[in-house]
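Okay, structure first, notes after.
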Amino acid sequence: MRLPKPTLTRMIFLGMGIGLLIGWLFPEVGTSLRPLSIIFIRLIKSLIAPLIFATLVVGIAGHGDIRQVGRMGIKALVYFELVTTLALVVGLVAVNPVKPGVGVNLHVSETATEIVSKKQTLTEVITHIFPQSVVEAAAQGEVLQIVVFAVLFGLGLAMIKQEKRQGVLNLCDGIAETMFKVTGIVMRYAPIGVGAAIAVTVGHRGLSVLINLGLLILTLYGALIVFLLVVLLPIMLIARIPVKPFLRAVKEPALIAFSTTSSEAALPKAFQNLEELGIPRRIVSFVLPTGYSFNLDGSTLYLSLASVFVAQAAGIDMPIETQILMMLTLMFTSKGVAGVPRASLVILAGTLASFGLPVEGVAVILGVDELLDMGRTTINVVGNSLATAVIARWEGEWSPGVRTAQAGSS
């Protein structure tokens with residue numbers, strides 16, 4: 001009988017288990033495996049600049065001249081920014097009192113500690129956002145500078161004629177698709193990189209590190225539940241979205257997202273169910289895909305929580321003003337990632353590097369990322385579905401319970 005091919009998730013768990021045993025039983029051997037985890041981290045960091053640039057440019061310029069996106073586009077962007085900001089706030093509020101990273105003891109250099117703890121003036125913060133060279137920004141891992149350049153480039157691209165714009169869009173779209181494929185290739189090395197990272201961490205700290213990873217999972221799921229109850233549910237009530245019919249419509253897409261850890265896999269079913277709910281197709285076809293780039297509520301909440309977790313694990317006291325600056329950075333960087341499995345880890349790596357935090361934290365988190373990804377991806381799908389319903393209500397083109405011919409029109 002032919003055995004089924006092992007999935008990446010199983011291989012990562014296997015690598016994590018082997019690394020755990022090595023770090024526990026042979027601490028010196030475990031700590032000597034650090035180069036294997038460094039290779040993995042370097043590969044992840046190499047993906048950041050091209051991935052963010054390409055996906056943001058396509059997201060901004062893909063609809064043509066922004067002025068022609070119209071009233072619906074502006075309303076959607078305002079809604080996306082408001083809700084994702086609230087998601088970031090919930091993540092920070094959850095991770096600071098619980099402190100799941102305290103006790104992990106990641107290795108961190110004195111230079112990194114100085115970078116994070118250094119007080120910056122408002123002028124320094126503002127001027128540092130803007131790149132003097134996009135090549136230098138990419139080389140140094142300055143994620144926010146890459147985002148600023150990508151936004152400006154996308155706006156400029158949206159202003160030129162379609163025939164000239166399309167070639168550049170196709171190129172950027174091709175780069176983005178290629179980088180996701182490269183991410184898939186790099187992830188094949190993940191079991192080794194994760195196993196080595198766990199071996200190094202357990203070798204240094206012992207088995208108590210597992211308690212912290214379990215606490216991280218509980219903190220994230222608790223924060224996601226709070227976000228559902230405190231943010232999404234009130235939005236439904238304010239916008240007068242019928243709760244039970246809406247939940248029935250998003251139930252199947254949410255289950256697909258939870259089981260596959262891919263928002264993209266849930267997109268066709270979400271599209272179909274929202275149309276059947278009575279929302280006009282032209283609104284669904286615009287808001288839902290746009291939200292996949294600009295409204296990843298679960299991922300943005302996770303990113304703020306995970307970033308502070310790594311700072312805590314590194315023993316770095318991150319002042320509130322630095323956390324706010326990091327939140328502002330994530331408000332932009334989280335917009336540049338499509339809803340595919342583990343894409344958030346690339347953005348997390350870039351954010352950690354920008355703030356001088358040890359990127360090795362990504363490899364440690366990756367050991368339990370499958371469980372984290374299931375929750376955040378589910379919230380991504382629910383949040384985008386709700387955004388579509390809210391914009392339809394805001395536009396006055398959907399009366400819940402009333403089916404019109406418009407629901408099936410293009």
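A few remarks follow.
- Residue 252 paired with residue 226, simple spin-label distance in nm, labels 7 Å along Cα-to-beta-carbon: 3.5
- 3J(HN,Hα) from dihedral phi, region 150-156, Karplus parametrisation 6.51/-1.76/1.60, rounded to Hz, x for glycine, proline: 5, 5, 4, 5, x, 5, x
- When the trypsin sites (Lys or Arg not before Pro) in region 148-196 are filtered for DSSP coil states and for at most 10 other beta-carbon atoms within 10 Å of their beta-carbon, the remaining sites are 161, 188.
- Number of Lys-Lys pairs in region 159-270 with C-alpha atoms under 28 Å apart and a separation of 8 or more places or on different chains: 4.
- Each of 258, 286, 294 was scored by other Cβ atoms within 10 Å of its Cβ. Listed from fewest to most, they are 258, 286, 294.
- Sites residue 272 and residue 233, calculated FRET efficiency, Cβ-Cβ separation with R0 22 Å, nearest 0.05: 0.35
- Added length on full extension, which subtracts the Cα-Cα distance from 0.36 nm per residue, residue 218 to residue 166: 14.2 nm
Every read-out reported here was derived from the displayed coordinates using simple, explicitly stated rules and does not represent laboratory data. The structure presented is a predicted model; accordingly, all values stated were derived computationally and were not measured. Positions of Cβ are backbone-derived with ideal geometry, glycine not excepted, and every protein chain shown enters the neighbour counts.
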